[in-house]
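Taken together, the values in this text are just the output of simple stated rules run on the coordinates, not laboratory data. For clarity, every value in this text was computed on a predicted model and none was experimentally measured. Counting neighbours? That spans all protein chains shown, and the Cβs are built from the backbone with ideal geometry, glycine included.
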């Protein structure tokens with residue numbers, strides 16, 4: 001038997017400390033009241049003298065201490081005195097004055113003057129409140145660091161007000177706010193907590209130039225508005241970089257409470273995308289997922305793991321996580337065990353190219369929803385391993401889709417890529433072939449009256465995904481550079497991982513109209529737009545996420561250097577390495593002959609690419625699989641090119657086209 005040791009009692013000095021502070025408050029407040037009573041008597045009747053009678057001293061102290069108990073004056077923390085404490089002082093002062101006056105009447109002592117109760121109340125308020133104010137001022141001066149960091153706040157005035165209050169309570173932080181740069185109009189020249197508003201955020205470069213001439217530059221610009229991002233933020237970063245000033249973010253609103261230390265945090269690279277928040281149909285997602293068995297392939301990858309996280313939040317009956325990588329599966333399983341332990345789940349190690357294993361998994365779990373995120377996605381690696389890429393991306397998709405059809409799944413959602421549009425790489429062409437198979441299967445199952453819906457969702461790069469440029473740049477920055485960019489004109493579409501997955505689920509809701517997945521039209525949506533979307537879906541339409549505008553990779557590299565507090569080309573060099581096999585300068589979301597069609601769901605567009613007969617595409621996939629299994633990559637690529645005639649293989653990494661094509665694509669998106 002193991003004996004349990006009782007918890008140690010707190011040291012006696014620690015237990016007595018709050019009591020000692022209360023006694024100090026009682027002593028100080030009583031002394032102030034003792035002085036305030038004769039002072040108020042003298043103010044009410046100056047000719048009667050100041051210290052007569054002396055028992056006014058004791059009477060003032062006693063009545064205040066008694067009156068202060070209901071208002072908890074002895075428990076006040078002077079360092080954090082605020083409006084509520086002042087109201088307590090006002091109440092206690094009025095009660096003390098009333099009690100003292102009642103005592104004078106009871107003893108037959110005449111009032112010094114009819115106004116004595118009012119004068120005594122005001123005297124107490126002034127002296128008690130003044131004592132606390134003086135304490136705060138002296139405490140701030142004595143605790144303030146000798147060397148201070150000069151900062152300037154940029155953004156919302158409400159949060160700036162809260163941040164300034166928090167700084168006032170933590171003078172030991174060594175931070176001094178020298179100015180504010182606002183977002184509202186007509187604010188320049190005004191003050192918040194005696195800190196001047198210097199101008200508007202659009203004039204940040206001119207403001208910093210002026211401060212530099214007067215040698216009044218801050219050490220840091222602090223962004224106070226969590227919604228301040230995109231082009232405006234990039235402008236602030238550029239202006240700050242020209243003067244060697246770092247840019248940080250203030251803590252979130254709920255974190256700005258009295259504390260021993262105020263932590264600033266770095267600006268995230270995602271903040272530069274300037275993507276507005278898209279309203280998502282969470283109710284529709286819950287209807288689609290709740291109490292369903294959901295299978296996610298590639299569940300250990302960037303998109304697959306985020307799909308698992310968001311799906312778990314909608315209460316599926318069972319969540320099946322499938323991947324061929326043991327460690328990646330273990331990571332997402334442990335995470336879900338911590339954040340969604342109530343969701344039943346199974347971890348399955350399997351290769352999507354193994355038809356017998358995949359059929360066994362589907363027979364065991366019989367999922368209603370299948371999210372197919374498993375793929376080989378790294379362009380140069382697929383170029384170097386052509387047969388593996390074709391087997392995983394093309395044959396693997398067919399095996400999963402056919403298993404979903406055989407075992408009664410209601411929907412298969414296939415994750416595609418913008419690299420499938422006018423592909424120059426084997427990865428892009430293989431994903432286009434996978435798209436074509438899912439398109440043809442969806443049309444075939446619709447015509448046959450089967451329940452399975454195949455929904456294809458196409459989008460561009462996601463920030464922070466495995467193998468993407470952002471983690472690469474971060475590693476290179478940690479080593480001091482250089483940051484490697486393939487070409488000065490390289491452009492890509494970007495969005496955050498949670499945003500991309502949220503829109504994938506949005507597309508899944510909109511695209512699944514089989515039994516059990518009925519959707520409601522959003523309020524205000526025109527019926528003809530819904531009918532048009534449904535018609536495109538029946539004809540093999542593909543959902544395309546609205547990715548916004550493409551981003552130049554070299555600009556992304558420069559911004560990441562600035563966010564690290566360094567200067568591009570001075571502190572960290574950018575090196576251009578040339579295009580890799582399969583790459584092109586820009587990606588497209590739509591084929592040149594595809595007109596982007598708006599849908600009734602925000603953030604979603606639709607494409608209507610060429611559709612191939614199901615029997616034809618199935619036969620072609622079979623031929624590609626046979627050749628790839630035999631290791632004949634060249635012959636498999638010839639068959640792939642027949643299926644995807646727009647495939648213009650850039651096997652050597654040759655620079656092709658002009659950047660203006662990306663601009664034309666952006667114009668098509670925004671038109």
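Multiplying the residue separation of residue 158 and residue 642 by 0.36 nm and subtracting their alpha-carbon distance yields 168.1 nm. Summary of packing: across the peptides 477-488, 633-644, 414-425, the per-residue average of other C-beta atoms within 10 Å ranks them, highest first, as 414-425, 633-644, 477-488.
Taking label positions 7 Å along the Cα-Cβ direction at both residue 45 and residue 248, the computed distance is 6.1 nm, reported to one decimal. Fully extending the segment from residue 212 to residue 190, taken as 0.36 nm per residue of separation minus the present Cα-Cα distance, adds 5.8 nm. Of the three principal axes defined by the Cα atoms of region 282-670, the extents in descending order read 61, 48, 48 Å. I need the calculated FRET efficiency for the pair residue 580 and residue 202, taking r as the beta carbon distance and R₀ as 41 Å, to the nearest 0.05. Between residue 580 and residue 202 the formula returns 0.55. Projecting label points 7 angstrom from Cα along Cα→Cβ for residue 651 and residue 634 puts them 0.8 nm apart. Relative to the current alpha-carbon distance between residue 278 and residue 134, full extension at 0.36 nm per residue lengthens the span by 46.8 nm.
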